[in-house]
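**Student:** Pasting a structure here, questions to come.
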Amino acid sequence: MPDLPAPVAPSAAQRTAWLLFAPPALLAGLRWLLQWQGERGPQTLALPLTPLALDATPLELFAPFLWALGAVLLLGLWMVRAARRAGAQRVRRALLWAWAALWLAGSAALLWRHANRQGLVPLAPVQAEVLGSRPRMPSLHAVGGTELLLRVDGLEAVQQLVVDDPRAAQWQPGQRLALAWARGRSSGRFVTGWGVQGGPAGTDAAAPNLR
């Protein structure tokens, strides 16, 4: 009769369960708590204004995917080598701790993003020109709306802004906007309001149109 595998100690099984389920539950609970706290307090509009690299090469566009693929391949090679040298049990333990560290890092990033938006530093109003727009479908992390490409006075790079306002879908290339914006506590720029400055001033022939 073949030998049966040794039963797993209760403490080891409990530790495995905690490492598997507690970190995701912590992130979900933290997200709910921050959302609940934000709904109770005064509603402050803060839409991220992000630079867009229109002249990026295909290699630069796919660089994040290539880095992620390389990291997965290196992790797989390390797992095979470590399993041969240290045993599969130690590899599983290391993967469990890495899993927990990944979720804890996500929780820390969520707290940092919340704190960054809570400490906005207002900037002087600025003028911007609409270069193009397209609809953005809602997702689990965003409400969707209209994605705008803007040329903001004083900023060299073209900026990207997603506005949850039905009127934004009617803005044409060349439309001038007056933006109220702010700087995050540690980084980033956020639009806190806008106003339409009359009709389009004429479409730039070289401006990208995402429609």
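The values are calculated or read from the model by the stated rules, or taken from the named source; none is laboratory data. Just so we're clear, the structure is a prediction, and the values are computed from it rather than from any experiment. In this analysis, Cβ positions are derived from the backbone assuming ideal geometry, glycine residues included, and neighbour counts consider all displayed protein chains. We work out accessible area using only protein heavy atoms, side chains counted, and drop any ligands, DNA or RNA first. Shrake-Rupley method; radii C 1.70, N 1.55, O 1.52, S 1.80 Å.
**Student:** Name the one entry in S186, S133 that is part of a loop (DSSP other than H, G, I, E, B), farther than 15 Å from L47 by Cα and among the hydroxyl-bearing types (S, T, Y). It would help to see each step written out before you state the result.
**Tutor:** Numbers: S133 fails: part of a loop (DSSP other than H, G, I, E, B).
After ruling out the rest, the residue left standing is S186.
**Student:** List every residue pair whose Cβ atoms sit under 9 Å apart, with the two residues 6 or more apart in sequence or on different chains, where the first one lies in region 163-189 and is farther than 20 Å from S133 by Cβ and the second, anywhere, is surrounded by fewer than 20 Cβ atoms within 10 Å (Cβ to Cβ) and of a type in the set (V, I, T).
**Tutor:** As it stands, the answer is A182/V121; A182/T192; R183/V121; G184/V121; R185/V121; G188/T50, since those pairs meet every condition given.
**Student:** State the number of residues belonging to region 83-127 that are part of a strand (DSSP E or B) and without any contact (Cβ under 8 Å) to a residue 60 or more places away in the chain. Reasoning before the result, please.
**Tutor:** Here is the first cut: in region 83-127, the residues part of a strand (DSSP E or B) are 121-122, 126-127.
Applying the additional criterion that residues be without any contact (Cβ under 8 Å) to a residue 60 or more places away in the chain yields 126.
Qualifying residue count, region 83-127: 1.
Okay, residues lined up against (1) open to solvent by 40 Å² or more (accessible area, probe 1.4 Å); (2) touching a Pro at 6+ places or on another chain (Cβ under 6 Å); (3) not in a strand (DSSP E or B):
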residue	(1), (2), (3)
G154	yes, no, yes
V162	yes, no, no
A168	no, no, yes
G174	no, yes, yes
W194	yes, no, no
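**Student:** So, Q118, is that one under 19 Å from E39 (Cβ atoms) and more than 14 Å from the chain's Cα centre (by Cα) or not?
**Tutor:** Values: under 19 Å from E39 (Cβ atoms): yes; more than 14 Å from the chain's Cα centre (by Cα): yes.
Yes.
**Student:** Answer yes or no: is there a residue in region 137-155 that is out of contact with any strand residue (DSSP E or B) (no Cβ under 7 Å at 6 or more places or on another chain) and in contact (Cβ under 8 Å) with a residue 60 or more places away in the chain.
**Tutor:** Yes, the conditions are met somewhere in region 137-155.
Residue-wise test of (1) modelled with pLDDT of 75 or more; (2) under 27 Å from E147 (Cα atoms); (3) of a type in the set (D, E, K, R).
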site: A46; (1), (2), (3): yes, yes, no
site: D55; (1), (2), (3): no, yes, yes
site: L69; (1), (2), (3): yes, no, no
site: A83; (1), (2), (3): no, no, no
site: R90; (1), (2), (3): yes, no, yes
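**Student:** Just name the residue that is modelled with the highest pLDDT out of those in region 140-152 that are open to solvent by 40 Å² or more (accessible area, probe 1.4 Å) and not aliphatic (A, V, I, L, M).
**Tutor:** R151
**Student:** If you don't mind, another one. Do the conditions hold for A124, that is, is it open to solvent by 20 Å² or more (accessible area, probe 1.4 Å), over 22 Å from the mean Cα position of the chain (by Cα) and at pLDDT 90 or above? Walk me through how you get there before you give the answer.
**Tutor:** Numbers: open to solvent by 20 Å² or more (accessible area, probe 1.4 Å): yes; over 22 Å from the mean Cα position of the chain (by Cα): yes; at pLDDT 90 or above: yes.
Answer is yes for this residue.
**Student:** Mind checking which residues of region 134-183 are acidic (D, E) and within 16 Å of the chain's Cα centre (by Cα)? If you could, list the steps in order and put the result at the bottom.
**Tutor:** Of all residues in region 134-183, those acidic (D, E) come to 147, 153, 156, 164-165.
Answer for region 134-183, where residues must be acidic (D, E) and within 16 Å of the chain's Cα centre (by Cα): just E147.
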